[in-house]
1. What is the residue count in the stretch 304-318 for residues that are of a type outside the set (S, T, N, Q) and in contact with a Leu (Cβ under 9 Å, 6 or more places away or on another chain)?
2. Tell me which of these T70 doesn't satisfy, since it passes every other one: (1) free of Cβ contacts under 8 Å to residues at least 12 places away in the same chain; (2) over 21 Å from the mean Cα position of the chain (by Cα).
3. Which of the residues that make up the stretch 301-321 are assigned to a helix (DSSP H, G or I), free of Cβ contacts under 8 Å to residues at least 12 places away in the same chain and either within 39 Å of the chain's Cα centre (by Cα) or on the phi > 0 side of the Ramachandran plot (or both)?
4. One residue is enough: does the stretch 286-294 have a residue meeting the conditions surrounded by fewer than 16 Cβ atoms within 10 Å (Cβ to Cβ) and more than 23 Å from S173 (Cα to Cα)?
5. Identify all residues within the stretch 1-40 that are of a type outside the set (S, T, Y), under 54 Å from the mean Cα position of the chain (by Cα) and at pLDDT below 80; write none if there are none.
6. Within the stretch 230-241, does at least one residue satisfy the condition of being without any contact (Cβ under 8 Å) to a residue 12 or more places away in the chain, farther than 18 Å from P215 by Cβ and not hydrophobic (A, V, I, L, M, F, W, C)?
7. Among what's in the stretch 76-101 and is assigned to a loop (DSSP other than H, G, I, E, B) and touching a helix residue (DSSP H, G or I) at 6+ places or on another chain (Cβ under 9 Å), pick the residue that is farthest from G123 (Cα to Cα).
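The values are calculated or read from the model by the stated rules, or taken from the named source; none is laboratory data. This is a predicted model, so every value here is computed, not measured. Because the Cβ atoms are built from the backbone with ideal geometry, glycine has one as well, and the counts that use them run over all protein chains shown.
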Amino acid sequence: MHDSFVDYVQISVKGGDGGSGCVSFRREKHVPHGGPDGGDGGKGGDVWLEVDPKMATLLDIKFHSHIRATRGQHGKGKNMSGHSGDDRVVYVPMGTIVSDETGPLIDLTTGGQRFLAAAGGIGGPGNQHYPTPTNQAPRKVKEGAPGEERRLILELKLIADAGLVGLPNAGKSTLLKTLTHATPRIAPYPFTTIHPNLGMMEIDGDRSITLADIPGLIEGASRGVGLGDRFLRHIERTGLLIHLIAPDNRILTEEGVDEESAEIGAQMALDAYHLVRQELAAYSEKILLKPEIVVLTKIDLLPEHVQKTFQNAFRSEKIEPILLSSHTGEGTEALKEAIVNHLEKLRGHNQQTSEPQAVAISRGHPFE
């Protein structure tokens, strides 16, 4: 079975060839001196890439990677030009970067945005254009120009306001389902999520925030271990990181968690936090410059005194975590408020500095 999420494809595109001009001469009753009346060839069709905001994957293009527009028709007599070839429009998701062998060409981030991937060839002129005083019956025409042909790389980087990151089984998919209407696959084992999921968190009737659940990272992900760095590119477009850390199952027992185990568990949670940060930095130092909300998840599994031990461990490194349980709903409203506040500050900072926004939202931005 094919993976339904595809974020990288190579395609071959070709514009339609132009039609050739026609050799023809006017032949009418009672008109003794008919001249050349060969029509021009029609222009070949263009190949366009167009953004469809409803799309979330390059899957369809993966299985139709050779894209051709139709050629223009040849010219005809009586100065009739051939019909132009039909354009071919290929729809792509928002956040698609188009590149060729020379490097990136365009970043398609706006719904309805278009890019001319391959131009059709112009039609050749018919012999109506070539009579001279010494040659009143030219047989000269030109063939249509060939359509442009090229190979392109399409790379999708999801556009989201905030990205959920963390180790496998940190509770990202469950939280996404809790905060949004998304229905990601959820199971009590690592690597349940094997591709990014998007969800819309409603703020009020007019505003919503896009959240992206990025598949779990492990040590060495930036070097290709586990799911590797395949999905790290999707974090680049998020304006805010929501870093989830869950208690290690090894400290959880039916007898409860003693103080020593609580201290060990808190240190393991800190280690998990730093491991993910190291993998993000190995991919791109710029990611670490993004604002971050740290969330300690699955706190319903921990007694209150153990929750404080975890909380104090992070506070010792000047990190104020949000305690959250997707199961009971505790901390959910606090997280929503923190997300909104961070994104409002981010938008205000971008407006003041006149720098490009970290989140390239083209439509439906929650704070516009």
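1. Final tally of qualifying residues: 4.
2. Unmet for T70, out of (1) free of Cβ contacts under 8 Å to residues at least 12 places away in the same chain; (2) over 21 Å from the mean Cα position of the chain (by Cα): (1).
3. Once the filter is applied, which keeps residues that are assigned to a helix (DSSP H, G or I), free of Cβ contacts under 8 Å to residues at least 12 places away in the same chain and either within 39 Å of the chain's Cα centre (by Cα) or on the phi > 0 side of the Ramachandran plot (or both), the stretch 301-321 yields only R315.
4. yes
5. M1, H2, D3, F5
6. Within the stretch 230-241, not a single residue is without any contact (Cβ under 8 Å) to a residue 12 or more places away in the chain, farther than 18 Å from P215 by Cβ and not hydrophobic (A, V, I, L, M, F, W, C).
7. Of everything passing the filter in the stretch 76-101, G95 is farthest from G123 (Cα to Cα).
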